[in-house]
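The structure appears right after this line, and notes come after that.
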Amino acid sequence: SSGISSFKTAAKKSTTQATLSSYSNNGKKNVVILGSGWGGISFLQHIDESKYNVTLISPRPHFLFTPLLPSTPVGTVDEKSIIEPVVNFAVKKTKGNVSYYEAQATKINHAENTVTIKSFSHVNPFGASKNPESIKKNDSADIKYDYLISAVGAEPNTFGIPGVEKHGMFLKEIEHSPKIRKQFIENIERANLLPKGDPERKRLLTLVVVGGGPTGVETAGELQDYVDQDLKKYLPSIAEEVQIHLIEALPVILNMFESKLTSYAQKVLEQTSIKLHLKTAVSEVKETYLVAKTKVSDTESKLEEIPYGTLIWATGNKPRSIVTDLIKEIPEQEGSRRGLLVDEHLKVKGLNNVYAIGDNAVAGLAPTAQVAHQEAEYLTKVFNKNQIGSAKPFKYLHYGALAYLGAEKAIANITYGKRQLYTGGGLITFYIWRLLYLSMIISWRSRFKVMSDWFKLALFKRDFFK
Ligand code: FAD
Ligand code: MG
Ligand code: MG
Ligand code: MG
Ligand code: MG
């Protein structure tokens with residue numbers, strides 16, 4: 001029988017340490033997954049739970065469909081449409097033991113084959129009877145594993161630039177989205193009380209997006225869409241004063257695309273009045289302005305102060321502390337700065353039974369959902385066929401890249417490995433972009449909700465509320 005029949009919440013106060021190996025008596029090996037993102041949830045979906053006892057540990061009780069996150073701050077897509085609770089995936093695993101701890105893994109004890117977890121509640125979708133060891137009164141525990149799959153992702157990198165952490169906003173998790181919306185709304189409200197021409201009004205209506213990768217470009221495009229399509233109808237005089245800046249350190253945005261498409265993208269952004277700053281690095285962020293340094297020649301650069309009301313930081317990631325702590329303990333990982341070094345079977349170098357997939361692994365590939373998903377699929381195949389140690393190496397198949405630019409225009413480069421299937425930019429590409437994103441969503445509930453959000457958008461304005 002399935003269904004969530006047990007949901008145990010641990011008392012927060014006690015600090016008793018317990019070691020949990022819930023399923024060790026049934027002869028199956030325990031596979032423990034860290035993370036509920038693209039890597040972790042894809043692994044959970046594909047692992048054969050009749051062959052392994054499966055435990056997933058993640059502080060985030062939902063999967064997040066990151067490709068559509070840039071659409072949520074302005075309400076093009078609703079936040080709830082692109083998250084899916086972990087238990088909705090877990091209850092589909094009806095052939096064996098699956099357990100979920102809503103907890104943070106704080107340490108991988110590779111010598112003991114355990115993971116220390118903190119502040120957790122425990123969800124066993126199949127009921128207490130299948131879960132012999134109950135966990136009560138613990139806010140910390142060690143979970144035993146035979147195989148560990150690390151898929152904890154990475155965290156936003158501020159490159160140590162002063163002020164970013166304090167004044168900037170990230171767009172990485174779902175809770176970042178309403179924060180950005182709230183700040184933009186409050187700035188609009190405050191600006192509306194100030195007379196035209198007041199520099200404070202101009203500052204409040206300035207949004208700066210740092211990072212010219214897909215996240216930064218799509219976020220800038222979505223913000224501009226809101227301004228042009230909705231705000232213009234409510235507050236036309238405010239809408240015409242909103243200025244969005246996009247700052248990129250390289251000489252080009254979206255550098256994963258061919259130059260024909262990147263120049264098209266730049267043209268679209270400029271037409272929609274987004275101001276592009278290329279070869280520009282932010283060197284300092286203050287509460288009301290930031291300092292940007294633009295390279296004008298090999299030897300010269302120009303400093304500029306840009307007053308801003310909203311700052312969105314989307315420049316890339318760095319490894320989480322659970323990963324950097326582990327790296328320090330393994331000689332084979334010495335000096336690795338970007339994440340866990342893995343071999344061609346995705347096994348963490350220097351360890352026997354720990355694997356890493358997705359953004360926390362360094363396999364020479366881009367940190368994308370596409371990569372994390374394929375790595376998870378590969379690894380579950382190896383596990384399901386009992387080929388651990390004897391499998392063929394992991395091979396990545398590139399399906400291309402997509403980016404939304406705003407104004408119902410997108411660029412796409414769709415490939416099958418080295419074969420190019422489609423390349424283009426414009427309105428048709430925008431519909432292709434939508435179709436492909438729908439197909440990539442990993443739950444039907446979420447897919448249905450996104451489709452209805454887009455349908456609603458054709459009839460009404462965006463939900464842009466605090
Ligand atoms: P994540 O998906 O980030 O998942 C990490 C998980 O680990 C989370 O559940 C987190 O809560 C959990 N975790 C963190 N710390 C711990 C801990 N200590 N213990 C246990 N669990 C922990 N890629 C594409 O291919 N196409 C796109 O269009 C695209 N668009 C993107 C748009 C945005 C806005 C962003 C931010 C990313 C986008 N990406 C895209 C990149 C893609 O989302 C990542 O590459 C992908 O999420 C990596 O998967 P992951 O499982 O490694 O990490
Ligand atoms: Mg993950
Ligand atoms: Mg994710
Ligand atoms: Mg997946
Ligand atoms: Mg990776």
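The values are calculated or read from the model by the stated rules, or taken from the named source; none is laboratory data. This structure is a prediction, so every number in the text was calculated from the model and none was measured. We place every Cβ from the backbone using ideal geometry, glycine too, and count neighbours over all the protein chains shown. With ligands, DNA and RNA removed, areas are computed over all heavy atoms of the protein, side chains included. Shrake-Rupley method; radii C 1.70, N 1.55, O 1.52, S 1.80 Å.
Structural remarks
- Test: residue in the stretch 377-385 that is more than 16 Å from ligand 2 (Cβ to nearest atom) and without any contact (Cβ under 8 Å) to a residue 60 or more places away in the chain: yes
Residue by residue, here is whether (1) within 23 Å of residue 426 (Cβ to Cβ); (2) of a type in the set (A, V, I, L, M) holds:
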{"site": "203", "(1), (2)": "no, no"}
{"site": "215", "(1), (2)": "yes, no"}
{"site": "243", "(1), (2)": "no, no"}
{"site": "253", "(1), (2)": "yes, yes"}
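- In the stretch 443-464, the residues that are farther than 22 Å from residue 38 by Cβ reach residues that are part of a loop (DSSP other than H, G, I, E, B) with C-beta atoms within less than 7 angstrom, at least six apart or across chains, in these pairs: 457/76; 462/74; 462/75; 462/76; 463/75; 463/78; 464/74; 464/75.
- Taken as a whole, the condition of being open to solvent by less than 70 Å² (accessible area, probe 1.4 Å), outside any strand (DSSP E or B), closer than 20 Å to residue 187 by Cα and touching a residue at least 60 places away in the same chain (Cβ under 8 Å) does not apply to residue 207.
Every residue, every condition in (1) in a loop (DSSP other than H, G, I, E, B); (2) without any contact (Cβ under 8 Å) to a residue 24 or more places away in the chain; (3) under 25 Å from residue 180 (Cα atoms), yes or no:
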site: 297; (1), (2), (3): yes, yes, no
site: 311; (1), (2), (3): no, no, yes
site: 322; (1), (2), (3): no, no, no
site: 328; (1), (2), (3): no, yes, no
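- Residue 309 over 23 Å from residue 263 (Cα atoms) and modelled with pLDDT under 95: no
- Some residue of the stretch 42-56 being touching an Asp or Glu at 6+ places or on another chain (Cβ under 8 Å), touching a residue at least 24 places away in the same chain (Cβ under 8 Å) and within 16 Å of ligand 4 (Cβ to nearest atom): yes
One line per residue, one yes/no per condition, for (1) open to solvent by 10 Å² or more (accessible area, probe 1.4 Å); (2) at pLDDT below 95; (3) aromatic (Phe, Trp, Tyr):
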site: 32; (1), (2), (3): no, no, no
site: 37; (1), (2), (3): yes, no, no
site: 42; (1), (2), (3): no, no, no
site: 45; (1), (2), (3): yes, no, no
site: 66; (1), (2), (3): yes, no, no
site: 71; (1), (2), (3): no, no, no
site: 79; (1), (2), (3): yes, no, no
site: 94; (1), (2), (3): yes, yes, no
site: 97; (1), (2), (3): yes, yes, no
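- Answer from 391, 401, 376 - the residue that is in a helix (DSSP H, G or I) and within 26 Å of residue 346 (Cβ to Cβ): 376
- Residues of the stretch 369-377 include at least one that is out of contact with any Leu (no Cβ under 7 Å at 6 or more places or on another chain), surrounded by 20 or more Cβ atoms within 10 Å (Cβ to Cβ), under 30 Å from residue 208 (Cβ atoms) and among the hydrophobic types (A, V, I, L, M, F, W, C).
- Every residue from the stretch 420-447 that is within 21 Å of the chain's Cα centre (by Cα), part of a helix (DSSP H, G or I) and not small (Gly, Ala, Ser): 433, 434, 435, 436, 437, 438, 440, 444, 445, 447
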